[in-house]
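Everything on this sheet refers to the single structure shown next.
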Amino acid sequence: MGKKSKGIVIGALAGAAILGMGAYHSSASSADLDAKLSREEVKEIIQIEYPGAITEFDLEKENGRIVYDMKIKGENAKYELEVDADTGEVLEVSEENYKHKTNKEEIVKSEHTPEDILSVKEAEEIAQKEFAGTITEIELDEDDGRYVYEVELREGAQEAEIELDAVTGDILELDIDFED
């Protein structure tokens, strides 16, 4: 065998070894993400409570747990979910409500007087209807030209952050975190 032939054989063997290692690593990573529930099963479970168009749907490993990260665009809200890929349990949810603004009456700006703003007690009652927990913090803030209450609540291993319109009482955003 000439030097040129040996070089080709060595190059081919090196290439095969590299490809073999790549196949090993890709099969190892897909085995690491072996979910008990299929994407379709999780979609069926989640769409009952969070209807809308799924805009992102990824399978990931976070903190040693296999999860589906999902984004859903519903009729009145956007949701970001973290779902246990083995049980279908929603581990984390972030909800952002929005309205389709069609006329001037629906657009709420900071033109409101202090008399228009809900009391702290009213804001607390609205927040606790949305998430039954103990209020750990409540703050009145102006956000994008609109007065909002930012409320933090805790119940057991769950913690919620709620942003509500300080004039109408509408829930603008709801984030619930589940701790292990």
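The values are calculated or read from the model by the stated rules, or taken from the named source; none is laboratory data. Just so it is clear, the model here is predicted, and its values are computed rather than measured. Cβ: placed from backbone, ideal geometry, glycine included. Neighbour counts: every protein chain shown.
Condition first: over 19 Å from the mean Cα position of the chain (by Cα) and in a loop (DSSP other than H, G, I, E, B). Now tell me which residues in the stretch 141-170 satisfy that.
Result: 144, 145, 156, 166, 167, 168, 169, 170.
Counting only residues that are over 15 Å from residue 176 (Cα atoms) and not basic (Lys, Arg), how many does the stretch 85-99 have?
5
I'm trying to understand the selection: among the residues of the stretch 160-177, which are under 16 Å from residue 134 (Cα atoms) and either among the hydrophobic types (A, V, I, L, M, F, W, C) or without any contact (Cβ under 8 Å) to a residue 24 or more places away in the chain (or both)?
Answer for the stretch 160-177, where residues must be under 16 Å from residue 134 (Cα atoms) and either among the hydrophobic types (A, V, I, L, M, F, W, C) or without any contact (Cβ under 8 Å) to a residue 24 or more places away in the chain (or both): 160, 161, 162, 163, 174, 176.
Those residues that are hydrophobic (A, V, I, L, M, F, W, C) and touching a Gly at 6+ places or on another chain (Cβ under 9 Å), I need them from the stretch 128-180; list them, please.
153, 160
How many of the residues making up the stretch 133-142 are surrounded by fewer than 11 Cβ atoms within 10 Å (Cβ to Cβ) and either among the β-branched types (Val, Ile, Thr) or closer than 17 Å to residue 95 by Cα (or both)?
1
Could you check the stretch 143-153 and list, in sequence order, the residues that are surrounded by fewer than 20 Cβ atoms within 10 Å (Cβ to Cβ) and at pLDDT 90 or above?
Within the stretch 143-153, 150, 152 qualify.
Taking residue 122, is it at pLDDT 90 or above and either assigned by TED's automatic domain parsing to the domain that holds residue 92 or assigned to a helix (DSSP H, G or I) (or both)?
Criteria met by residue 122.
Counting only residues that are modelled with pLDDT of 80 or more and over 30 Å from residue 142 (Cα atoms), give me the strands (runs of 3 or more DSSP E) lying completely in the stretch 1-111 with at least 3 of them.
53-62, 65-73
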